[in-house]
Amino acid sequence: MYMTSALALAARGTSAAPAARHVLKVGDLDAVEITTILDLAGQLKATRTVDQLQFLRGRTLAMLFEKPSLRTRVSFETGMTQLGGHAIMASGSDFMVGKRETPEDAARVLSRYVDAVMVRTHAHEPLERFASASTVPVINGLSALHHPCQALADILTIKEKLGHLAGIKVCYVGDARNNVAASLLDACALMGAQVTFACPPTLRPNLSGKHKRNARAFTSAVRAIADADVVYTDVWVSMGEEALTERRMAELLPYTVDEELMSHAAPHAIFMHCLPAHRGEEVTTGVLEGTQSVVFDQAENRLHVQKALLLYLLTDTTRIALA
Ligand code: CP
Ligand code: NVA
C-alpha cells in the first residue's frame, strides 16, 4: 500500500541523513519541505502507532527546557516513544544555557550522546549558538522570537479543517509581535495564505520585505477579522515578559476574541489558539468552547507534525513521493 511504503522508506533511509539540519524558525524549511512534512504527519496520524515502532528505534532526543511546557514536552516525548525511540528531558538547574557552560559546549557534548536536540529558550541567540556547534539536528521548541513546531501544527490543522492553505485568510488578534504570531506569519507566507493582524500600534509586527504582499496590520479588530477563514489568538503576556503584564492588559483590552468579534469573520471560520489559554483575557470561554473552536485538534497535531519533522530530520525521506 502507498502509505505503508512511504512510511517504510522514511524508516529505512537512515544512512543518507544529512549531517545536521536545524529547524530554529519556519524559514529554515521551504514550502516543498513543509508540504512533505504535513503529508507525512497526515499519514502518521492515519497509521497505527504500533506499526511505527521501527522508524526511530534506538534513537534518542534530548529535550532542554529553560521555561515551562506541557504540550511541547509531552508531545515530543510521546512522539519519540511512538516511533520506537527515547526522549530525555533536562530543565532548571540541569540546563542553564550560558550560565553553567556555554551553549556551544553543551551542544558539543550532547551531540556525542543523542541523535537530535529540542530546545526551549528565553532569548533566541543562545539557541542559534547552540545549533551552530551541534552536529545533530536542533529543533526550536519555542524561543522569544519563534515557535516553528506550533506553526507547523497550525497549518496542518488549517489544511485538515479547510482543505487547503493557498488563499486562506488568517486573522491573528492580540500581541502580533510574539513568537507564535511570527511563526504563523512565516508559515502562511510560505504556503500562500494571507494574514491580517488585529493589534494596537505598539504591538504591530514588522511587515517589511517578504511579508509585504501577504500581510496587513489593523488597529481595528473588526476590520482585520472581516471575512477571515481562521481567527487565531495567543496569550497577551508571553513567558519571560511578566513584568509587562499591567501594560499589556491595558493595551490589549479591546482585542479579546469574543462572540461579537467572531461574528465578523466568515461563517465557516475556525478559531485557533496555541494554548495555554487565559479565558476572559485574549478569548472568552464561549469562543474557546464554542463550535468554531478547533484548539484541541490543533494541540493534538503538535504530536503528529513533530513526529513527521523528527523523521524528516533523522531519516532520508527524499525518496518519498508525496503526490
Ligand atoms: N503551545 C505550546 O507550546 O504549549 P506548551 O508551552 O505547553 O508547550
Ligand atoms: N507566546 C506564548 C506561547 C506559549 C506556547 C509564550 O511564549 O509564552
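Just so you know, in the stretch 237-259 the residues that are outside any helix (DSSP H, G or I) and β-branched (Val, Ile, Thr) include one that is farthest from ligand 1 (Cβ to nearest atom), and it is Thr256.
Determine whether the stretch 181-189 contains at least one residue that is more than 16 Å from ligand 2 (Cβ to nearest atom) and either of a type in the set (Phe, Trp, Tyr) or touching a Phe, Trp or Tyr at 6+ places or on another chain (Cβ under 8 Å) (or both). Within the stretch 181-189, not a single residue is more than 16 Å from ligand 2 (Cβ to nearest atom) and either of a type in the set (Phe, Trp, Tyr) or touching a Phe, Trp or Tyr at 6+ places or on another chain (Cβ under 8 Å) (or both). Screening His146 on (1) open to solvent by 20 Å² or more (accessible area, probe 1.4 Å); (2) away from ligand 1 (no atom under 13 Å from the Cβ); (3) closer than 28 Å to Leu44 by Cα shows it passes everything except condition (2). Among the residues making up the stretch 70-84, those that are of a type outside the set (Val, Ile, Thr) and touching a helix residue (DSSP H, G or I) at 6+ places or on another chain (Cβ under 9 Å) are Arg71, Ser75, Phe76, Gly79, Met80, Gln82, Leu83, Gly84. For the stretch 291-311, the criterion of a residue being surrounded by fewer than 20 Cβ atoms within 10 Å (Cβ to Cβ) and away from ligand 1 (no atom under 15 Å from the Cβ) is satisfied by at least one position.
Checked against (1) away from ligand 2 (no atom under 15 Å from the Cβ); (2) touching a residue at least 24 places away in the same chain (Cβ under 8 Å), Glu125 passes all but condition (2).
Scanning the stretch 271-317 for residues that are under 24 Å from Ala226 (Cα atoms) and among the aromatic types (Phe, Trp, Tyr) yields one hit, Phe271.
The set of residues in the stretch 157-167 being open to solvent by 10 Å² or more (accessible area, probe 1.4 Å) and under 19 Å from the mean Cα position of the chain (by Cα) consists of Lys159, Glu160, Lys161, Leu162, His164, Leu165, Ala166.
Thr317 satisfies every condition listed in (1) modelled with pLDDT under 95; (2) among the polar types (S, T, N, Q); (3) more than 20 Å from Ile139 (Cβ to Cβ) except (3). Here Thr219 fulfils each of the conditions (1) among the β-branched types (Val, Ile, Thr); (2) closer than 18 Å to Phe271 by Cβ; (3) open to solvent by 20 Å² or more (accessible area, probe 1.4 Å) apart from (2).
Listed by position, the strands (runs of 3 or more DSSP E) contained in the stretch 155-236 that have at least 3 residues being in contact with a strand residue (DSSP E or B) (Cβ under 8 Å, 6 or more places away or on another chain) and in contact (Cβ under 8 Å) with a residue 40 or more places away in the chain are 169-173, 230-233. What number of residues within the stretch 279-313 are of a type in the set (Ser, Thr, Tyr), farther than 30 Å from His22 by Cβ and out of contact with any Lys or Arg (no Cβ under 6 Å at 6 or more places or on another chain)? Number satisfying all stated conditions: 3. Residue count for the stretch 238-279, restricted to those that are in contact with a Ser or Thr (Cβ under 8 Å, 6 or more places away or on another chain) and surrounded by fewer than 19 Cβ atoms within 10 Å (Cβ to Cβ): 4.
The values are calculated or read from the model by the stated rules, or taken from the named source; none is laboratory data. Remember, predicted model here, so these are calculated numbers, not experimental data. Cβ coordinates were reconstructed from backbone atoms using ideal geometry, including for glycine residues, and neighbour counts include every protein chain displayed. Keep in mind that these areas ignore ligands, DNA and RNA; they rest on the heavy atoms of the full protein, side chains included. Shrake-Rupley method; radii C 1.70, N 1.55, O 1.52, S 1.80 Å.
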